[in-house]
Amino acid sequence: MKKLITRLVQFWIALLVGITNLLGLSAQEAIPLRLHTTKIPTVKNFSVENTSTKVPLNEANAIYCFSISGVLTFNSSDGYFKAVLHTTSGHEYLVYREVGVLNSINTPIVLNDVCYETASLNQEKPTFLEIEATQCTFQR
């Protein structure tokens, strides 16, 4: 099993290198050296419930990954939660989305560094995190 995983990783690296060569990119441009999740210290603990809010992210540096952590609780099966990262380039990236119908009501869901479309960013500069919460509570 370990040998198979090693071969798959080697295959994907070779494929990535081949694609970057076709696009005229160097490996340094295609594979960032900082592949860790950026922790933005300006985001304090907050709670949202049945609202849409924008959390400012005063990060001047480009980031390669963005995630959120917290506790999400649905009050109804009609509940809906979505977190979207907005950047200075005008892009919007889905960080996390969940619906109440797929979860138990009033049972906390612990989110630990979740990142859907933000697992791999290409040097984006974040401006704010938009959180939409309907019939649910999210606490960071």
Taking the criterion of being more than 14 Å from Thr73 (Cα to Cα), touching a Lys or Arg at 6+ places or on another chain (Cβ under 6 Å) and not small (Gly, Ala, Ser), would at least one residue in the range 114-124 satisfy it? no
For the range 53-82, the count of residues that are closer than 20 Å to Asn106 by Cα and either of a type in the set (Phe, Trp, Tyr) or open to solvent by 20 Å² or more (accessible area, probe 1.4 Å) (or both) equals 11
Filter result (part of a strand (DSSP E or B), open to solvent by less than 50 Å² (accessible area, probe 1.4 Å) and among the aliphatic types (A, V, I, L, M)) within the range 98-140: Val99, Ile109, Leu111, Val114, Leu129, Ile131, Ala133
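State the number of residues belonging to the range 83-97 that are under 17 Å from Val55 (Cα atoms), open to solvent by 30 Å² or more (accessible area, probe 1.4 Å) and of a type in the set (S, T, N, Q). Don't jump to the end; show me each part of the working.
Within the range 83-97, the first condition is being under 17 Å from Val55 (Cα atoms), and the residues that meet it are 83-88, 90-97.
Retained after the next criterion (residues that are open to solvent by 30 Å² or more (accessible area, probe 1.4 Å)): 88, 90-93, 97.
With of a type in the set (S, T, N, Q) added as a condition, the list becomes 88.
Summing the residues that are under 17 Å from Val55 (Cα atoms), open to solvent by 30 Å² or more (accessible area, probe 1.4 Å) and of a type in the set (S, T, N, Q) in the range 83-97 gives 1.
The values are calculated or read from the model by the stated rules, or taken from the named source; none is laboratory data. Note that the coordinates shown come from a computational prediction; the quantities given were computed from them, not determined experimentally. Ideal geometry is used to build each Cβ from the backbone, glycine not excepted, and the neighbour counts take in all protein chains shown. Each accessible area value is taken on the protein alone, full model and side chains, heavy atoms only, with ligands, DNA and RNA left out. Shrake-Rupley method; radii C 1.70, N 1.55, O 1.52, S 1.80 Å.
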